[in-house]
Amino acid sequence: MKALIIVADTSYEGEYSMTVQALRQLGMEVSTGLVSKIANVNFNIDLTDKLSEDVLNGYDVVAFIGGYWAYYAATGKEMPGRIKPMVNREAFEKLLTQSIGSGKKTILPLATPAYAAKLGLLKGRKATVYPTTDLISILRSNGVDYVNEDFVADGNVITLKKMSVEFLTKALSK
């Protein structure tokens, strides 16, 4: 199996590295695509400028690493200067929409479920999110059934309250 990790922001410690570790532990071939010009990770695919229509072809699993950027983008709050990543938001949203819509196994940790909910991508689904009042409210106000669990798998979408290798491997093994 092949997995693609789409990275917008790596400022939340361990979010990216634990995702890579969990996917590799499950025997997946992992590639990384960047939608941010300042994310500091090794990557195979540059998605900061152009986005071809077939980026997700050939991948069975797609994970979206939003870091603190996803929190501020979802809540609309002002982002502190030290974590202002230059994210290709259009590419992030397009890939997120394609991944969920095409039925690919899609992994959304921490604040990213709230971002997806605001786009209407999780309406009618069960999901969890990093447990802050504002993120939980975003899920609920966008037609998502919030579940206070470590991870929730609903159809092809896996949401995680916090990132851990254990939770992600359990969720993907279901």
Note down all Cβ pairs under 8 Å where the first residue falls in region 104-127 and is more than 22 Å from Thr19 (Cα to Cα), the second is in a helix (DSSP H, G or I), and they're at least six residues apart or on different chains. Lys118/Ala74; Lys118/Ile138; Leu119/Glu93; Leu119/Leu96; Leu119/Thr97; Lys123/Ala117
Enumerate the pairs (first residue in region 144-171 and closer than 12 Å to Leu122 by Cβ; second residue anywhere and surrounded by fewer than 16 Cβ atoms within 10 Å (Cβ to Cβ) and not charged (D, E, K, R)) with beta-carbon separation below 7 Å, excluding pairs fewer than 6 apart on the same chain, so at least 6 apart or on different chains. Asn156/Gly103
Does Ala171 satisfy the criteria of being closer than 23 Å to Leu26 by Cβ and in a strand (DSSP E or B)? no
Report yes if Glu78 is within 18 Å of Ala111 (Cβ to Cβ), surrounded by 13 or more Cβ atoms within 10 Å (Cβ to Cβ) and among the acidic types (Asp, Glu), otherwise no. no
Condition test on Asn57, is it without any contact (Cβ under 8 Å) to a residue 12 or more places away in the chain and closer than 23 Å to Met28 by Cα? yes
Name the single residue that is farthest from Ala111 (Cα to Cα) among those in region 130-159 being among the polar types (S, T, N, Q) and surrounded by fewer than 21 Cβ atoms within 10 Å (Cβ to Cβ). Asn156
Note on Gly33: of the conditions (1) closer than 18 Å to Gln98 by Cβ; (2) crowded, with 24+ Cβ neighbours inside 10 Å; (3) not hydrophobic (A, V, I, L, M, F, W, C), unmet is (2)
Look at region 24-45 and say how many of its residues are among the polar types (S, T, N, Q), in contact with a strand residue (DSSP E or B) (Cβ under 7 Å, 6 or more places away or on another chain) and touching a residue at least 60 places away in the same chain (Cβ under 8 Å). 0
Would it be correct to say that Ala3 is among the small types (Gly, Ala, Ser), modelled with pLDDT under 95 and within 14 Å of Ser99 (Cβ to Cβ)? no
Among the numbered criteria (1) surrounded by fewer than 21 Cβ atoms within 10 Å (Cβ to Cβ); (2) out of contact with any strand residue (DSSP E or B) (no Cβ under 7 Å at 6 or more places or on another chain); (3) farther than 27 Å from Gly27 by Cα; (4) not β-branched (Val, Ile, Thr), which single criterion is violated by Lys126? (2)
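The values are calculated or read from the model by the stated rules, or taken from the named source; none is laboratory data. It should be emphasised that the depicted structure is a prediction, and the values quoted were computed from it without experimental measurement. All Cβ positions, glycine included, derive from the backbone under ideal geometry; neighbour counts span all protein chains shown.
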